[in-house]
Amino acid sequence: MGVVSALGNGVEEHLRALLEQRSGIGKMKYLGSVHDDLPVGEVQMSNEELCEAIGIGYDERYTRTALLGALAVREAVREAGLDRRHGSHIALVSGTTVGGMDKSEALYEESLKGDCDTGFIKTQDCGTTTEFAIECFPLFDMTTTISTACSSAANAIMFGANLIRTGRYDAVVVGGSECLTKFHLNGFNSLLILDHEQCRPFDESRAGLNLGEGAGYLVLESEDSVRENGISPLCELKGYGNACDAFHQTASSSDGQGAYLSMCKALADSGLAPEDIDYVNAHGTGTPNNDQSEGVALERVFGVGKMPPVSSTKCYTGHTTSASGGIEAVISILALRNSFCPVNLNFRKRIEGLSFSPVSEPCRKELRNVLSNSFGFGGNDSSVIFSKAE
């Protein structure tokens, strides 16, 4: 697996930050928005530094989403040894929604005057950010892009798993990438769901989310491929489910129906019962609507008084939107392999009407099965379950 976010560059930096309960959310540095009073989870690298880290020459037409994605793909590919396998059947499935909007918005006014290099316009497309990975790592037979808002990366994981289940591919790199843009930030701000302080998921005083950026990718392989290549897997993708309740363009239903269905589908696919789940990495955005709705859905799935440890890690990274399912998959696997439940930072008081509180103190425990939620606008909700490898 590979990851980059406000917590740092690489899997090990993320593990250290989680164990040290150190958030990456802070003052805006790179975005350049007039709303610089809003805390964000920025990757602390310029585009030039990202190019250097990837090992390519800087070109100002490279979008930040593409660069963040390539950096995380690079770590995942190298860790899995895919770059040393010749003739392998490998695909890349990546999720994003912002795509190359950072370059488009920077040059919009120039384009109206006809003074803009139209090459920038071509980078707006979400698929272009995925294709950039092919230029950096020419080892993929096929690439495709998923765009379902904040469930994009989770759906990329599911799509890649289905490519393996159906025998079309032996190994698939899956995940998502998203950079911060002014259009992106302003859009969420217009919905009045951004917090002017660090976000407080599942807290009674929660006032909104902090936006973040980054990328997270996993390498999925079939059991046959694992055996043939002598791989020791990090874990097993045990099950997954997607549901769309189509309740509202941006809001979740009061009964959490979409979230409830996605978790139930993932459990059914995995063959596990609710009591088999040892930790839930919640979507947990910190908005009044999401956390109440997701909390109700969790109680419907697990039962009041029977809740496993639950926490949101968006208080560390910010809400990385389309990339969140990939980044939080990496975090879930780190928790699984290192026997801990990440602390839900900034929690003080339980949400009125819910029976549970998130993990608020360091929690070391053996984990066998971890469920990770990613819910998108329009009610496109996805849940994935990672289990210790047999």
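A short reminder: the numbers here are calculations on the coordinates, not readings from a lab. What you see is a predicted model, and the numbers here were worked out from it, not measured in a lab. Cβ coordinates were reconstructed from backbone atoms using ideal geometry, including for glycine residues, and neighbour counts include every protein chain displayed.
Between region 311-331 and region 216-276, the alpha-carbon centres lie 15 Å apart. 3J(HN,Hα) along region 316-323: 9, 9, x, 7, 8, 6, 4, 8 Hz, from the Karplus curve 6.51 cos²θ - 1.76 cosθ + 1.60 with θ = phi - 60°, whole Hz, x for Gly and Pro. Applying the criteria of a DSSP loop state and at most 15 other Cβ atoms within 10 Å to the GluC sites (Glu not before Pro) of region 33-83 yields E60. Taking 27 Å as the limit for the C-alpha separation, the pairs K238/K349; K29/K314; K306/K349 exceed it in the case of K238/K349.
Of all DSSP-defined beta bridges confined to the chain, some 60% are antiparallel rather than parallel. For the charge dipole of region 1-124, defined by +1 on Lys and Arg C-beta atoms and -1 on Asp and Glu C-beta atoms about the Cα centroid, which residue among G99, G26, H89 has the Cα displaced farthest towards the positive pole? So the residue we want is H89.
Relative to its residue count, region 236-387 spans a Cα convex hull of 95 Å³ per residue. Computed from the coordinates I sent, Cα extents along the principal axes in Å equals one of (i) 61, 53, 38; (ii) 58, 45, 39; (iii) 77, 53, 42. Tell me the label. The value matching this structure is (i). Pairs of Cα atoms nearer than 8 Å and 6+ residues apart set the relative contact order; for the chain it is 22 percent.
Rounded to the nearest 20, the Cβ-based charge dipole of the chain about its Cα centre (Lys and Arg +1, Asp and Glu -1) stands at 760 debye. Model label points for L112 and D125, set 7 angstrom from Cα along the Cα-to-Cβ axis, are 2.6 nm apart. The H on the amide N of V43, modeled in the peptide plane, is under 5 Å from the matching H of E213, each at least 5 residues off or on a different chain.
Using the Karplus relation 6.51 cos²θ - 1.76 cosθ + 1.60 with θ = phi - 60°, the per-residue 3J(HN,Hα) values for region 13-30 come to 5, 5, 4, 4, 5, 5, 5, 8, 6, 10, 7, x, 7, x, 6, 4, 10, 9 Hz, with x marking Gly and Pro.
Comparing G379, G81, G69 in a Gaussian network model of the chain (Cα springs below 10 Å), the most mobile by mean-square fluctuation is G81.
Calculated mean residue ellipticity, 222 nm, the chain: -10500 deg cm²/dmol, from DSSP H runs (n ≥ 4) at -39500 (n - 2.57) each, averaged per residue and rounded to 500. Residues whose amide H falls under 5 Å from that of L209, counting only those 5 or more places apart or on a different chain, are L194, D195, with hydrogens built in the peptide plane.
The radius of gyration of the Cα set in region 2-228, together with its Dmax, comes out at 18.1, 58 angstrom. Between amide H atoms placed 1.01 Å from N, distances below 5 Å from I146 occur with S94, G95, T96, all of them 5 or more places distant or on a separate chain.
A DSSP coil position with no more than 13 other Cβ atoms inside 10 Å describes the following trypsin sites (Lys or Arg not before Pro) in region 33-114: R61. Cα centroid separation, region 131-183 to region 337-387: 24 Å. Basic side chains Lys and Arg get +1 at the Cβ, acidic Asp and Glu get -1 at the Cβ, and with that the dipole of region 236-387 about its Cα centre reaches some 340 debye.
Rounded to the nearest Hz, the phi-derived 3J(HN,Hα) couplings of region 45-53 under the Karplus curve 6.51 cos²θ - 1.76 cosθ + 1.60 (θ = phi - 60°) are 8, 6, 4, 5, 5, 5, 4, 4, 5, where x marks glycine and proline.
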